[in-house]
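Notes follow once the structure below has been shown.
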Amino acid sequence: MTRIKQILREIHNRFLWQISLAYLIGSVITYRVSDALAQSRQLPEWFGAFSIVLLVIGLPIVLTTAFVQRGLRHWRPGSRAEGNETADEAGVERKGIGSLFTWRNAILGGVAAFTLWAIVAAGWLLLADELVRSSTPEKLDRPAGQQQSR
């Protein structure tokens, strides 16, 4: 029986590595797209860092979701790892942490993070010109011969 538990743990561990690798590949693609958008729209350099921060925040959420959804039932004493578990063990009626860390919630969180990035980028594009104009001193806006003396 311990050999079966070792195999299940190994499969579980590899599953987390697969999720991590898939997330890393998706993160690289997402960063490249957001960086290309930022450069084509002449956004500040910190937009790339902002997307990286959002992706770093998402990694532990995705890994926790994978861990919770994949196999907490395999590590409980007396669980049936052979596949004939009851409906409660299979996660049909999840409560607590299992209901919080679902793939649906993880995907919605990713969509929300991307939406946040898009709103900040759109806000920057719409308001940046106004912010720049309001922050420039008046003497820069006047012709050289009309500056006030102090």
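The values are calculated or read from the model by the stated rules, or taken from the named source; none is laboratory data. Worth saying up front: this structure is predicted, and the values here are computed from it rather than measured. Reconstructed Cβ throughout: ideal geometry from the backbone, glycine too, with neighbour counts over all protein chains shown.
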Across segment 12-29, which residue is modelled with the lowest pLDDT among those that are within 30 Å of Val120 (Cα to Cα) and surrounded by 15 or more Cβ atoms within 10 Å (Cβ to Cβ)?
Ile19
Which of (1) farther than 30 Å from Leu59 by Cβ; (2) of a type outside the set (Gly, Ala, Ser); (3) modelled with pLDDT of 70 or more is the odd one out, the single condition Leu116 does not satisfy?
(1)
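Restrict the check to segment 71-79 and report whether at least one residue is aromatic (Phe, Trp, Tyr), surrounded by 10 or more Cβ atoms within 10 Å (Cβ to Cβ) and at pLDDT below 80.
Pass one, segment 71-79, residues aromatic (Phe, Trp, Tyr): 75.
From what's left, surrounded by 10 or more Cβ atoms within 10 Å (Cβ to Cβ): 75.
Cutting the leftovers down to at pLDDT below 80 gives us 75.
Yes, segment 71-79 contains a residue that is aromatic (Phe, Trp, Tyr), surrounded by 10 or more Cβ atoms within 10 Å (Cβ to Cβ) and at pLDDT below 80.
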Determine which member of the set Arg41, Arg9, Arg3, Arg32 is of a type outside the set (Phe, Trp, Tyr), out of contact with any Asp or Glu (no Cβ under 9 Å at 6 or more places or on another chain) and exposed (fewer than 10 other Cβ atoms within 10 Å of the Cβ).
Arg3
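Restricting to segment 34-62, name every residue that is among the hydrophobic types (A, V, I, L, M, F, W, C) and outside any helix (DSSP H, G or I).
Pass one, segment 34-62, residues among the hydrophobic types (A, V, I, L, M, F, W, C): 36-38, 43, 46-47, 49-50, 52-57, 59, 61-62.
Answer for segment 34-62, where residues must be among the hydrophobic types (A, V, I, L, M, F, W, C) and outside any helix (DSSP H, G or I): just Leu43.
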